[in-house]
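K.L.:
One structure coming up, written as structure tokens, with questions to follow.
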Amino acid sequence: MNGEGLMQREQARQRPRLGISGSRVAPYALILPAFLVVFALAAYSCYWLVRMSGAEWSFGATWEKATPVGLENYRWLLFDRNSTLWESLRITAVFLVTTLVGELVIGFALALLLNAQIVGRSIYTAILIIPMVVMPSMVGMVWRLYFSFDGLINFFCETLFRVKLNWYGTSLALPAVIIVDIWEWTPFFVLIFLAGLQSLPREPYEAAIVDGASSWQILRKLTIPMLAPLILTATILRFMDILRIFDVIFVMFGGGPGTATTTLPLYIYRLTMVARNVGRGSAASVMLIILIVGLTYLLIRLFDRVRFEG
């Protein structure tokens, strides 16, 4: 009996080990096929993109007619006076910072408002989702009509301020695109922040109210620190999306007038499809990928630091 009891205890002790080992391997085994497919497609695409960026190749010609030029395309983009890469980077930076900050601040304010006990909160939330689900090309077409000289925006400007603006000019085209992007994607932050606010614990708030903390102190000392990881996550996702926006800007102004709305994706399109220079367009695409990956890495490091300190 003693020998059988020892054997049973030994078998019972070994079963959890096998189960733990299996549970550790199973997630990797399940995700491995999808990861290999995605990695293979991405690696193959990046290989050809880098290869094309080192060649002089006209759009529509066969690859056999491409001429290797090394880093000449990168030199032209960075240092040639005919290149407008730096101007495109400036426009992209203005568009990125303005839209991201605007959507973040307005989205957080609306989320705080909807988190209060107001009548019809679900209806307001459903209405806010509408801009996100409309096709981007349709958004661009509609707002292009709104910003025309006799459109809806100028109707309100003339009614309220007795002035009609030329939104198709070089000075107002970029602000018009920024307004449209904020209108379209602020609900993204609203939904994420509203879900985060509703999941926060109530005990710290009750203790702060008992201690006599003001609403501003509660927001600054409790709400924002507890939502910091969620804020950074939403910011990273939106940041990557803003850097590759093409459709709405293209439909509204096509990157114009001139280069007023030529962000990096529009600049790549103009190099590749308009100038028909695949090599320079590919080199600009490589730079855009490096920019997105590098800045996203910095944001993720910031996210890890905030999460660790929290």
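K.L.:
Hey, with R₀ at 22 Å, roughly what FRET efficiency would TYR297 and LEU237 work out to, going by the Cβ-Cβ distance, to 0.05?
P.N.:
After rounding, the FRET efficiency stands at 0.95.
K.L.:
Pick out, from ILE290, ASN277, GLY258, the residue whose Cα sits farthest towards the positive end of the charge dipole of the range 240-305, with +1 on the Cβ of Lys and Arg and -1 on the Cβ of Asp and Glu.
P.N.:
Final value for the positive-end residue is ASN277.
K.L.:
So what is the relative contact order of the chain, in percent, for Cα pairs below 8 Å that sit 6 or more residues apart?
P.N.:
27 percent
K.L.:
In addition: Might you report the magnitude of the Cβ-based charge dipole of the chain about its Cα centre, with Lys and Arg at +1 and Asp and Glu at -1, to the nearest 20 debye?
P.N.:
440 debye
K.L.:
Oh, and also: In the range 228-310, what chymotrypsin sites (Phe, Trp or Tyr not before Pro) fall in a loop by DSSP, with at most 16 other Cβ atoms inside 10 Å?
P.N.:
Of the chymotrypsin sites (Phe, Trp or Tyr not before Pro), the ones in loops of the range 228-310 whose Cβ has at most 16 other Cβ atoms within 10 Å are PHE246.
K.L.:
Which helices pass in the chain if a helix is a full DSSP H run, must span at least 30 angstrom along its long axis by Cα, and must have mean Kyte-Doolittle hydropathy not below 0.5?
P.N.:
Those that pass (Cα extent of 30 Å or more, hydropathy at least 0.5) are 85-115, 173-199, 278-309.
K.L.:
Along the Cα→Cβ direction, 7 angstrom out, place labels at GLU56 and ARG24. What is the inter-label distance in nm?
P.N.:
5.7 nm
K.L.:
Right, next: What's the local net charge at ILE268, with K and R +1, D and E -1, over the other residues with C-beta under 11 Å away?
P.N.:
Here the charged neighbours net out to +3.
K.L.:
Test of understanding: ordering PHE155, PHE147 by Cβ neighbours within 10 Å, fewest first, what list do you get?
P.N.:
By the 10 Å Cβ count, ascending, the order reads PHE155, PHE147.
K.L.:
Counting C-alpha atoms alone, how compact is the range 69-309: give Rg to one decimal and Dmax as a whole number, in angstrom.
P.N.:
Just the Cα atoms of the range 69-309 yield Rg and Dmax of 21.2, 71 Å.
K.L.:
Taking neighbour Cβ counts within 10 Å as the exposure measure, how do ASP304, ASP181, ASP150 sort from fewest upward?
P.N.:
Ranking ASP304, ASP181, ASP150 by Cβ neighbours within 10 Å, fewest first, gives ASP150, ASP304, ASP181.
K.L.:
Please compute the net charge surrounding ARG244, taking Lys and Arg as +1 and Asp and Glu as -1 over other residues with Cβ under 13 Å from its Cβ.
P.N.:
Local net charge: -2.
K.L.:
What net charge is computed for the residues neighbouring ILE182, neighbours being all others with C-beta under 14 Å from the C-beta of ILE182, Lys and Arg scored +1, Asp and Glu -1?
P.N.:
Around ILE182, the surrounding residues sum to -3.
K.L.:
Got the relative contact order for the range 165-266 handy, in percent, Cα pairs under 8 Å and 6 or more residues apart?
P.N.:
40 percent
K.L.:
Would you please give the residues with an amide H less than 5 Å from that of ALA55, counting only those at least 5 places away or on a separate chain, with H modeled from the backbone geometry?
P.N.:
Result for ALA55 returns VAL69.
All of the numbers you see were taken from the coordinates with simple rules; none came from a lab. Values in this document were obtained by computation on a predicted structure and should not be read as measured data. A quick note on method: Cβ atoms are made from the backbone with ideal geometry, for glycine too, and the neighbour counts reach across all protein chains shown.
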